[in-house]
Amino acid sequence: MNPRIHFDDFLSAFERSLEGILISVSNSSPSSSETSQIDHSEIENSIKELGKVLDEHLPLQIAAISGGEVNLTEDQITRLKDNLIRLEKIEIMAQSRLAWVNSLGKEMAEWVDKLDVQRQD
């Protein structure tokens, strides 16, 4: 198999996996007018798919590029950069959700403490 085609296959799989995560996350985002169910399993499966793609392909691609077996085209470099930007956006979204969950947990703990104090009185 031509290494360049193989890298294109990797890029396509990477893009599909990233798109799957973005779709899962956007479908699970609560809106301001209603509370939607967050489909954690769909998001988890999408993230696992991305991990699988990276585990299977990335080490081989890095080795091929480092060894000079693959010379990336400008289009491939652009696509890879775009994918890395999308991956960074996903990381930011995940951190934001984690911060929201942590603040919600803190708020709930404060309410439990207040209720406990009232109950003890």
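Which pairs have Cβ atoms under 8 Å, sit 6 or more apart or on different chains, and link a residue in the stretch 70-85 that is in contact (Cβ under 8 Å) with a residue 24 or more places away in the chain and farther than 17 Å from residue 19 by Cα to one that is hydrophobic (A, V, I, L, M, F, W, C) and surrounded by 11 or more Cβ atoms within 10 Å (Cβ to Cβ)?
70/7; 70/64; 72/7; 72/65; 72/80; 76/7; 76/11
Checking the conditions here, which among 33, 41, 24 is crowded, with 17+ Cβ neighbours inside 10 Å and either at pLDDT 65 or above or not in a helix (DSSP H, G or I) (or both)?
After applying the criteria, what remains is 24.
In the stretch 74-91, which residues are more than 11 Å from the chain's Cα centre (by Cα) and of a type in the set (D, E, K, R)?
74, 75, 79, 81, 82, listed by residue number.
Quick one: would you say residue 53 is closer than 30 Å to residue 27 by Cβ and in contact with a Lys or Arg (Cβ under 9 Å, 6 or more places away or on another chain)?
yes
From the list 62, 47, exactly one residue is assigned to a helix (DSSP H, G or I), free of Cβ contacts under 8 Å to residues at least 60 places away in the same chain and within 14 Å of residue 8 (Cα to Cα). Which is it?
Exactly one residue qualifies, and that residue is 62.
For residue 56, state whether it is at pLDDT below 90, surrounded by 11 or more Cβ atoms within 10 Å (Cβ to Cβ) and among the acidic types (Asp, Glu).
yes
The values are calculated or read from the model by the stated rules, or taken from the named source; none is laboratory data. Being a predicted model, the structure only gives us computed values, none of them experimental. Backbone-built Cβ (ideal geometry, glycine too); neighbour counts: all protein chains shown.
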